[in-house]
Amino acid sequence: NLGRHEALFIDEIHRLSHVIEEYIYPAIEDFEMEIILDSGPSSRTLKIPIEPFTLIGATTRAGLLTPPLRDRFGIILRLDYYDQESIEKILKRSARLMEVEAEDEGIKELARRSRGTPRIANRLLRRVRDYAQIRGDGIITLEIANAALSMLQVDHAGLDEMDKRILSTIIENYRGGPVGIKTIATAIGEDAGTIEEIFEPYLVQQGFLERSTQGRKVTFKAYKHLGITPLDEQSEIF
């Protein structure tokens, strides 16, 4: 159903099956679909021309893309987290669409704890709006934002309960690391893939966690954030 020069967007493109990939190759190279009719010696290929289009793929795990698929993309870009100013603009727009009054300081606090991700920012905005309507006068102020986010256990660095649980488990159970991801997953009762895809990128990007061939290790910044004294400093005390 693609029109001429329209774009086809595939999210998490690394999850495509090999069969689907085989259909995509001639589509993006020659703008035609190849359909195999019948099977065995009597099989033949029917080529159906399609309009020129642009394929855009998004993935959080580029390493899982097959080389033939990755090499067919003319441009490969890496997107970073949104900066706070951009998140504030997104939140203000969302607040207008939701017909919610929000003060600048309240928006700034929301943006600061949104991990540079619009999806998270909008989710927190909806929850803070609910809190403002029930506990306040419907206006998102700095005080309302702080109270609501504290109730949601999202701290000033944007870390939630699971983020802090991952860090504290490594510190308390494995002396700060390094420790394997599967061991961490078993200790906190979470899927290893979920930790790698959902929680770990932000912890690493913000400098709370280090990744190495030996495993995961918390940083001094993580100790400081959690209010825990590093083991080497404890030894010096005693």
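Values in this text are rule-based calculations from the coordinates and carry no lab data. Worth saying up front: this structure is predicted, and the values here are computed from it rather than measured. Heads up, the Cβs are rebuilt from the backbone with ideal geometry, glycines too, and the neighbour counts pull from every protein chain shown.
Before anything else, pin down the relative contact order of region 161-237: Cα pairs under 8 Å, at least 6 apart, normalised by residue count, whole percent.
31
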Partner lysines for Lys224 [C-alpha distance under 23 Å; skip if fewer than 8 residues away on the same chain]: Lys164
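Let me know the charge dipole size of the chain about its Cα centre in debye, to the nearest 20, where only the beta-carbon of Lys, Arg (+1) and Asp, Glu (-1) is charged.
Numbers: 31 positive and 39 negative charges, 44 e Å.
Using Cβ point charges on Lys, Arg, Asp and Glu, the chain gives about 220 debye.
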Three-way shape call for region 1-79 based on the alpha-carbon gyration tensor, with the a/c threshold at 1.5: oblate
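Would you compute, from DSSP H runs of 4+ residues alone, the mean residue ellipticity of the chain at 222 nm, taking -39500 (n - 2.57) per run and dividing by the full residue count, rounded to the nearest 500?
Details: 11 runs with 110 residues, N = 238.
Mean residue ellipticity, 222 nm, calculated: -13500 deg cm²/dmol.
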Descending Cα extents along the principal axes, region 165-204, whole Å: 24, 19, 15
Region 7-70: relative contact order as a whole-number percent, Cα under 8 Å and 6+ apart: 45
Cut-off under 5 Å, modelled amide H: who pairs with Leu16 long-range: none
Length-normalised contact order of region 84-151 in % [C-alpha pairs under 8 Å, at least 6 apart]: 36
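Quote the charge dipole size of region 84-151 about the Cα centre in Debye, to the nearest 20; the model charges only the Cβ of Lys and Arg (+1) and of Asp and Glu (-1).
Details: 14 positive and 11 negative charges, 99 e Å.
So the magnitude is around 480 debye.
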Cα gyration tensor shape of the chain, rounded if a/c is under 1.5, else prolate or oblate by comparing a/b with b/c: oblate
